[in-house]
Amino acid sequence: MAQGKKFERPLAQNKKAGHDYSIIDTVEAGMVLTGTEIKSVRARRINLKDGFAQIRNGEAWLLNVHISPYDQGNQFNHDPLRNRKLLLHRKELRHLTAQLSDKGLTLVPLKVYLKHGYAKVLLGVAKGKHAYDKRETIKKRDQDRQIQRALKNYG
């Protein structure tokens, strides 16, 4: 732990985002959740795979993220795919809007975690990779693995 910060493991991660996109910048945002949604998130019943974020009318929204209905919920359970508002400072919103004005950039959720009891989402400003970029990344990762193995066996 560094300087009193408590690092918890993520409740959900979008591993496919690192494969499909090259992440340019990241920003942390709070999520507006209902009572049964936060209980489902704490139970790790959230899927970020097809999710993305948009900025509309000066507000950030998280779209297409699936949070399963809470098992012990009742008629007040939430819709699993509803749009969720994200909490960002105005300065961060302006910065993201300026970055997203470039062609080909999108806002992708990378992971969801709890921080001081509040659900947070790490958003990445991302640019889509082409197939040859993905192959190059895989090739570089394999080469790094081979180098690490050789160093380990050498020592």
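Observations on the model:
- Of Lys91/Lys140; Lys15/Lys103; Lys15/Lys139; Lys85/Lys115; Lys16/Lys139; Lys91/Lys139, pairs whose Cα-Cα distance is over 27 Å: Lys91/Lys140; Lys91/Lys139
- Mean separation of Cα contacts under 8 Å (6+ apart) over length of the chain, as relative contact order %: 30
- Average accessible surface area per residue within the chain, 1.4 Å rolling probe, Å²: 69
- Whether the stretch 10-155 is rounded, prolate or oblate, judged on the alpha carbon gyration tensor where a/c under 1.5 counts as rounded: oblate
- The stretch 17-70: relative contact order as a whole-number percent, Cα under 8 Å and 6+ apart: 34
- Net length gained if the chain between His19 and Asp144 were fully extended (0.36 nm per residue, minus Cα distance): 43.3 nm
- Cα centre as origin, Lys/Arg/Asp/Glu Cβ charges: the chain dipole, Debye: 440
- Value of relative contact order over the stretch 73-155, rounded to a whole percent, pairs C-alpha under 8 Å and six or more apart: 18
- With at most 11 neighbouring Cβ atoms within 10 Å, loop trypsin sites (Lys or Arg not before Pro) (DSSP) excluded, longest segment of the chain: 7-102
- Residues Asp25, Asp50 ordered from highest to lowest accessible area at a 1.4 Å probe: Asp50, Asp25.
- Estimated [θ] at 222 nm from DSSP helical runs (n ≥ 4, -39500 (n - 2.57)) normalised by residues in the chain, nearest 500: -10000 deg cm²/dmol
- Accessible carbon and sulfur surface of the chain relative to its total accessible area, %, 1.4 Å: 50
- Within the stretch 3-67, chymotrypsin sites (Phe, Trp or Tyr not before Pro) in DSSP loop having at most 14 other beta-carbon neighbours inside 10 Å: Phe7
The values are calculated or read from the model by the stated rules, or taken from the named source; none is laboratory data. What you are looking at is a predicted structure, and each value in this text was computed from that prediction instead of being measured. Glycine also receives a Cβ, built like all others from the backbone with ideal geometry; neighbour counts cover every protein chain displayed. Heavy atoms of the whole protein, side chains included, go into the accessibility calculation; ligands, DNA and RNA do not. Shrake-Rupley method; radii C 1.70, N 1.55, O 1.52, S 1.80 Å.
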